[in-house]
1. Scan the helices (runs of 4 or more DSSP H) fully inside segment 272-312 and keep the ones with 3 or more residues being closer than 17 Å to ALA416 by Cβ and either in contact with a Cys (Cβ under 7 Å, 6 or more places away or on another chain) or not β-branched (Val, Ile, Thr) (or both).
2. Restricting to segment 422-445, and then to whatever is assigned to a helix (DSSP H, G or I) and in contact (Cβ under 8 Å) with a residue 40 or more places away in the chain, can you tell me which residue is most open to solvent (accessible area, probe 1.4 Å)?
3. Considering each residue of segment 733-765, count those that are open to solvent by less than 20 Å² (accessible area, probe 1.4 Å) and part of a loop (DSSP other than H, G, I, E, B), and give that number.
4. Which numbered condition trips up ASP327, out of (1) in contact with a Pro (Cβ under 7 Å, 6 or more places away or on another chain); (2) open to solvent by 60 Å² or more (accessible area, probe 1.4 Å); (3) not basic (Lys, Arg)?
5. Confirm whether SER400 is surrounded by 24 or more Cβ atoms within 10 Å (Cβ to Cβ) and of a type in the set (S, T, N, Q).
6. Kindly indicate whether ALA416 is touching a Phe, Trp or Tyr at 6+ places or on another chain (Cβ under 7 Å), in contact (Cβ under 8 Å) with a residue 24 or more places away in the chain and surrounded by fewer than 24 Cβ atoms within 10 Å (Cβ to Cβ).
7. Got at least one residue in segment 670-678 being touching a residue at least 60 places away in the same chain (Cβ under 8 Å) and not hydrophobic (A, V, I, L, M, F, W, C)?
8. Given the criteria touching a residue at least 60 places away in the same chain (Cβ under 8 Å), over 60 Å from the mean Cα position of the chain (by Cα) and open to solvent by 30 Å² or more (accessible area, probe 1.4 Å), does LEU786 qualify?
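The values are calculated or read from the model by the stated rules, or taken from the named source; none is laboratory data. As the structure is a prediction and not an experimental result, all values here were calculated from the model. Please note: Cβ atoms are built from the backbone with ideal geometry, for glycine as well, and neighbour counts cover all protein chains shown. SASA here: full protein model, heavy atoms, side chains in, ligands and nucleic acids out. Shrake-Rupley method; radii C 1.70, N 1.55, O 1.52, S 1.80 Å.
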Amino acid sequence: MGQEASVPQRGGNEEPNPANIQQSSSRGGHAGGVSLDSTNIGLHPSRVGGRSELGRPPTAPQQHHSQQNQWPQSSHQSHPTHPAQPPQTATTANQTVAALQQMPRQEQIQIAQTPQIPQSSSSSSSIMSRAGLTSMIQRMGNSAQSSSKRFGRSSPMNQQHNKHSQHYQQDQQFQQQQQQQQPQQQDEITTSYVNALAFLESILHCSVGLGLEIEPSPPIGGGNVALSVMGACNFFSHQFRDHVVKNVREAEFAGHTAAGGRDASRMAALTPMARDVTSYAAIIAGSDLVDGAGGMWPMLFYCLRCGDANAAKSVIAQFGNIGGNIDNINLIDPAVSDLIFQLADMQKHRDTIFGDANNNSPSRPEPQQHSMLSPSQAMMQSRRVISDLYERVKTRMTSSSSELEPTVVYQAACLAKLSGAESISEASCLASSGLVRTVEDYLYASLWYALHLSNSASSAGGESDGNKMEAAISRLGMLVNEWGPSYFEEDDGNEGFSDATDAVASRSGESGGARNEIPRSGGWAYAFPLLASQQYATALAYLAEAGGGLGLLQATHVALIMDTMGLPIDDFSLDGRDKSRSTQTLFPMLVTSYSASLQGSDAGAALQYLMVLSRQGSLIKEQVQRLLLETRQFEIMAGKIEADGSRTNAALDAHFSKTEVSSILADAASNAMRAGKAADAAELLVLSGKFSSLFMLMNRELASYLVVSSQEDFDKRQFWFNAASQFHQLHLSPGKTYVVDTLNAEGCMSLGNTFQLLMNLIVFFDRCRDHQWEGAWDLMDNLQLLPKNDSEMTVKVEAFQELDSCIRQVFHHVILASMEALCHIYKSLKQAGSSVSFDQRNAVEHNLLGLQTRARLLVIFSRLINLPNSGNADTFVRLSQLEKNMM
């Protein structure tokens, strides 16, 4: 027998001491799920002796039985340790575990299989049916079993890109360390995730079995607290049942008989579970103790630990001696047997007194008349009698100066549990018993006690105190928060963290020091106790941050199940549920962060996860716009434009109407413009069918680069000119009228005219740039922007005022370039005229006079359009100088 850890003392205002709770290293899994083996719920063996600053170290256990035993003795008394067995999959763990390279938030985490998400949650605000929820939980669990993937520190919640850059080198070193991890560790993390899903499934089954609905927005002390307590007890009891069965099967495989010194016929008459519990009690407490005086009590204790009243009833029927003398350890008081029989009647065919491990019935079960939440008056009466018996035994134990018989300890524990008088995890008389040795034992004992408080006030005739159970759960959550991850996580690097916030800050590099490794448990060693104590928001936030990329994946899917169930993702306390990190805040953060981790290689999958937030109002559209801009997978997300102007269906159309998709694309284009991504904005506007907005964008960009002075600006002008030319070819070629029809319908044909003018102006400036002065002037003359004679002056000034503002703002460049073209043509013509014949000279003089007239009209026109007073005085001076050169 190994050392047993002492149980937290209870007295005065002293709180339970977490240092005295040893974490288990071996426990069975949830019925119907993955075999948990040594992984349990992701809690790992704690440091022997705990932390001295939190309390006294564990004391050595008393010898409860003889070492002469035909059953194998465990080195870990209450929960024998066995090597972890990975979940059975088609491939080995080494084949399925893949190390990932650290990458920025917007890139993809490479995974072979993404857990499925419910299709209905994105389109319906109602809670999914029980069958649908159960199926979804099982799919996620199966997916986790078949694809155990290692994630790096990619995409922690709200982590900024600059932090990834800052720690990139450290992340590479971290990844090398992660690659050296044993496959067993990854299997433990996966098993913990599967257990979390089973934990939620257990709450769901209890809800259905009790005929109670989970309340999405419960009041303080609402039914969700009780349902969650029931579900947690159901989970932990099934977990222990599987642990019992596993250890007994291993002992039988090793050749040890189950009967020991007990009557074989009586053993055969036991129910299968009662037979296994009896054998397990012999393994743990010793055959001498179980076969001797008071041997009934260890059997009953482990029946209650399994939550199985039917097994306890069977044990009493075969080995029990009913009698009213509490001082006789061989006798069981009638009140004890009566209560156990009543619990068995309430349990009926179910696996435990809390509910089934898995209810695959397609029909909704009938609500139970009585349950642990609503016990009968007869049960309450038996509890009160047993409570008196417990006080008598406790008094005898505390006043005794001699060493107590081990069976008395088991007797006191059974009476404490059945009466609900005290939690065995805090009972002073059981402090050194070693019966509460693991985190799960402590949680189960605390939850069992809280469950018995639900009707204590009304049954005892005292003041109405419906919040007694809620107070116990609030206190449990407070304690788990106070102990923090540094106690629950076994990694040495976790020492010194007082709470989840400190641990998260250290792991994300915010504390200024070196970044720590992901904890061995992947964050589950602390997250699961938080879940059990209904600190849901803290649990998921810690898991997502501390567990790296895989932690984010798992936290997101757990949150998804909870949201689909209608279970609020917040922290319960008597002061009210903490809304600072709740369903309205934490859940969207998890989903969007995980979606961002997928978008690098599968934008469709990232979108599918975002659609889980369809009930979040404007948030979903904002996130879809972000996804569009960050991935630039426009065709995958929004399709392409067909020859008739229609847009093909794509990923967005599976979730939104055509009108909604168009609106999302247009809003994304606006965001792209604000971010300086004009090219993306143009492409999105084409897909949205918002051609008027598209023309406004192209017109603005084309006008901005009419005149360029650097190669960079020239390249940008060439890009927009090519893009505009391509758009013209694809959507404005002969026979394609949908763009023009749209502009006409919206009364925006002027935008099209502006677009056409700007395209011509770009050609004009290109000719000027290439010193093709005559070609440039011919084009300008054909555009009919400038007056050709005095009679056209008024008309051209009015026409100028009607031009789009983007052209008016750059029109001084147009006038100056036109004057330069005139000047160069004038000089060339004048030089050519000096060598022509006399007859030709008259024609040359006539043309020179015409050019001078156009120059004079251009100067007058520039004054009339207020060019000197519009911030372009230098341009006007230059015009005057050019005109003088033509005199």
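1. The helices (runs of 4 or more DSSP H) meeting that bar are 296-305.
2. Taking segment 422-445 and keeping what is assigned to a helix (DSSP H, G or I), we get 428-430, 439-445.
Those left that are additionally in contact (Cβ under 8 Å) with a residue 40 or more places away in the chain: 428, 430, 439-444.
On the way: SER428: 54, LEU430: 2, VAL439: 6, GLU440: 0, ASP441: 8, TYR442: 7, LEU443: 3, TYR444: 2 Å².
The extreme case among them is SER428.
3. Total satisfying the criteria: 0.
4. ASP327 satisfies every listed condition except (1).
5. Values: surrounded by 24 or more Cβ atoms within 10 Å (Cβ to Cβ): no; of a type in the set (S, T, N, Q): yes.
No.
6. On the way: touching a Phe, Trp or Tyr at 6+ places or on another chain (Cβ under 7 Å): yes; in contact (Cβ under 8 Å) with a residue 24 or more places away in the chain: yes; surrounded by fewer than 24 Cβ atoms within 10 Å (Cβ to Cβ): no.
No; evaluated as a whole, the condition is false for this residue.
7. no
8. Values: touching a residue at least 60 places away in the same chain (Cβ under 8 Å): yes; over 60 Å from the mean Cα position of the chain (by Cα): yes; open to solvent by 30 Å² or more (accessible area, probe 1.4 Å): no.
It is false that LEU786 is touching a residue at least 60 places away in the same chain (Cβ under 8 Å), over 60 Å from the mean Cα position of the chain (by Cα) and open to solvent by 30 Å² or more (accessible area, probe 1.4 Å).
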